[in-house]
Every structure is written in C-alpha cells, then in structure tokens.
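Have a look at the structure below before the remarks.
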Amino acid sequence: MAGAGTAGALEARACNVYLRYDSTAELLWRIASDLNGLHGVSVRAQELARTSEDRPLITVTMESMQRAERSLEDPLEVLMIGGMHAREWISSASVLCLMVRHFERLAEILATSPVRLAFLANLNPDGYAYTRTTQRSWRRTRTPLPRGGKFAGIDLNRNFGVANETWGFGNPEAFFSELYQGEYPFEALEARALRDLVLAGNPARRIVLDVHCCAKVVFPVYNASEVRVAEATQLAHASQGVLRYRERSDVIDAKNTGIAVDWMERYAGVRAAFMLEVPGKAQPVNFHDLFRVPASAIAGTTDMIELILEEAVKLYAQDLSGANSVESEQPRLPEVDNSDDGIEIDNDDGDANVLQAVDMRETKSESFVIADAGPLSGVRESGFLPTLAEDVPTPDESAAFEDAIIFDAFTKVEDNQDMESVHLLAAIFVLGIATLALCVEVIRRCRERWHAWRMEEARRKL
Ligand SMILES: [Zn+2]
C-alpha cells in the first residue's frame, strides 16, 4: 500500500472512484511528476497517440534510477494494459490504481529485479467516455467507420493480427456487431498505437498482461505450448484462487481471431502475453450488469493484479540471461498494414500456423457460464458470432446463446437501441395523432350528413 505521502494522496484519488477520462489523464501526468525520483524510481509518462475524439493515450513507465543510470542491458519489461473494452471500467481503474497504491512495492521490485514496468491504463478512452455519457454497455471504440453509415467503432480485441492468420474469418461489413473486427487488421488507431508500443525496442524482453473483465480466468495465447500453459497456471495461482487458468480451443472462427495477445506473442515476438479476466460484479441481475463492478472493488482487484504482476516478474526476470539467446530466435514479423506510420516489418512468415480459437465452453464461474456457442457450423462465415470470447458470461446457460443468429439480432438491437427506439416512438406517436384526426373528421362528416338528412325529412313532412 502506498500509505501516507504523495503516493497516498494519489491513491485516494485513483482507487475509490471511476474517474472521468480527462481526470484519469490528468492523474497519469501527475503520477509522473509527483512520484518521479521517489524511492529511487524514475517515473515517466508519455503520450502515445490521440484518439479520433482527441483524447491522449498515455503510458507510464517506471524503472530503477540506479539501473537506468548504469545503463544495463535491456531489462525485462512488463507491460500492463487496461480498458481495451470500453465497458470494462474495473480493468482501467485497477491498472491506474496499481501504480499508486503499490508504488512502494513496485519500487522494491524495480530495485531487486532487472525489470522495467509499463502501464497503459486506458487504451480506449473514447469508448470509455461514451459508456459514461451515452451507453454504459458499449464495448468498441468510437471512430466513425468509413463505410459503416451511422455505426461507429471497432472491437479492439478483434482488430489485431495478420489477415487470414490471426485476423479475419468474420464479416468485414458487420458494422453493427459488438465484435466488429474492422475491414482490415489495425484499422483502429488505438490498435496501431498499441502495436507500435509493443514493437518498440526489444519485444523479446517484453511480457504483456492485458487486463479485461469479467470471466475470472487467465488466458495464454492460442495454441500455447506446455510451458506457456504452466506459466498461465502459475499466474492464475498467484491470484489466490480468484482467477483460474482456462484452456483455449483449436477451433478457427470469427470470434477467436484478431485478439491482441495472439498477435503479440505469435507475430510481434513478445516473450509472453496473457489476458487476465478479473471478476465482474458479484451478483449481477443480467449480462450488462456484470460490468457494473462497484468502485469499492477497485482496491481489491488492484491488489490481485499486483500479485500477478509480481509473479510475472518472478517467472520471467530470472531467465533474463536466457532472453539474450532468445533474440536470435525472435519470430520474424509478417507484413502488416503499416502504410500510415512507416514501421518496417519483415515479411517472412514461415510459420503460418493455423489459427486456433478461444474455447469458452467450460469457462464457468459460480452462477455464470461463459457463453460459448461451441463449434457453430454454418456460423463461421457469417462473422456475427455470439460470444465476445474473453468476456461474455451469460446470466443463465450457455445454451441461451447457442443460436448465433439470435444473439446477433440481440447485438444488433443493442448497438442501436437508443436511436432506433427513439425513431420507433416518434413514428408511433405521429401515426396515433393521424388516426385520431381521421376519426374526428369521419365522425364530424357523419354527423353533418345525418343532420342534413333529418332536416330534409322534417321539410318533407311539412
Ligand atoms: Zn474485454
């Protein structure tokens, strides 16, 4: 715990409430200015890029001043990412909180291990802002889609990779889908910013922990080696029973491609990359409620991911000497779309393994079953898949989501419910008024005629 003092003051700000993004950004700069030099740690904040709504993506890095001064060989870097999915507030809040709540502990780690720590607390600030103002359950980014009409945003965790290898298999025109993968890999500027961050320096000495909500599992990359599986299990173990290791399947389909950690480890050549799915709300009344984790849970979740971070340092810092030799084995990178940023990436993809998929089939928590449609024949090409791979627990049974088409219809409504319900209400209102006016007019004319007929009758009798 940071306790009293500068870090303590920042902790009070960061760990008790879900901050607006402008406040988050302000706090990230303050972390760098206020904590730099404390406990022998060099703390730096850096703006990676600006989003389409002009919000800064900010990284904070911490390393031992002593080690930095002695300019030792490249240290191991543990990069922790939060907020990739807009509605998973607990993810970005806990990454932010970690930096200040555990600053002293992080300083100890930096003093005793050859590591550097990097944090990207919120990768999707536009989406996050949207969940605060407009639609709480929004998942994607908010950049307008060139061909998507009124639809905006891409699912960041489906937009990484290499076409037809670690990206694709879905419908590039499913603009309405929650899992919209984009028309090409790295279409989302947030994905490009993270790509550049991951490729910078020496990826072979980088460990990535990508924090999501709410399946309570640790996922390695698809097609993970036995060693990697053992490491994922060990990271899960460090959470003291909160998270469990979950195996990923070998099914290829739209819901399993474009996932960031897969590209990072298989193509960017990072040493290892994992998804950490922290717990959602304890007793949610429905699926969307699951993401509404109370702010009182930020500190506890932070403590848990700190333990996992420590475990990752333990696991990988010790084989740093081995990492020197890893350099020569570093995977060579296939071509990615980099026309807009000039990054040179080697195009020699000799190891185009068949992509394997996330298997959510047996990802059960106490009262939830993580949705999985299983091997959905006939759905593969549609791209409208029912599960959000790493975070689609369902309120009832996975069976409820086995019909991909039904779920897709649900998603479609979900994405546009605001606009469409307004239009529908307006139409009903106008139609009602018109019907009423017509009835009044018909009655008036009938009465006129009846009156005229009565007058005629009376006249005839006279
Ligand atoms: Zn997520």
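FYI, it's all coordinate maths here, none of it is from the lab. What you see is a predicted model; the values in this text were computed from it and never measured. Positions of Cβ are generated from backbone atoms using ideal geometry, with glycine treated the same way; all protein chains shown enter the neighbour counts.
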The extension gain from Ala426 to Gln318, computed as 0.36 nm times the residue separation minus the Cα-Cα distance, is 32.4 nm
A correct fewest-to-most ranking of Val217, Val440 by other Cβ atoms within 10 Å would be Val440, Val217
Here the relative contact order (percent) of the range 6-329, from C-alpha pairs under 8 Å and at least 6 apart, is 20 percent
Note, the range 116-129: 3J(HN,Hα) by Karplus (6.51, -1.76, 1.60, θ = phi - 60°), whole Hz, Gly/Pro = x, goes 10, 10, 10, 10, 10, 5, 9, 7, 10, x, 5, x, 4, 4
In whole Hz, the Karplus estimates of ³J(HN,Hα) for the range 137-147 (6.51, -1.76, 1.60; θ = phi - 60°; x where Gly or Pro) are 9, 5, 10, 8, 7, 10, 5, x, 8, x, 10
Inter-part gap, Cα centre of the range 72-121 to Cα centre of the range 220-266, in whole angstrom, is 20 Å
Expressed to two decimals, the range 131-208 has a Cα Rg over Rh, using the Kirkwood radius, of 1.02
Quick note on His237, His102, ordering by fewest other C-beta atoms within 10 Å, gives His237, His102
Of the range 429-455, those with amide N under 13 Å from the point 7 Å along the Cα→Cβ vector of Leu462 are 455
So, with points 7 Å from each Cα along the Cβ direction, the Tyr184-Leu438 label distance in nm works out to 5.2 nm
The exposure ranking of Leu120, Leu424, Leu48, fewest beta-carbon neighbours within 10 Å first, is Leu424, Leu48, Leu120
Contour minus Cα-Cα span, Asp289 to Ala12, at 0.36 nm per residue, comes to 97.1 nm
To the nearest 0.05, the calculated FRET efficiency linking Glu226 and Glu108 through their beta-carbon distance, R0 being 35 Å, is 0.65
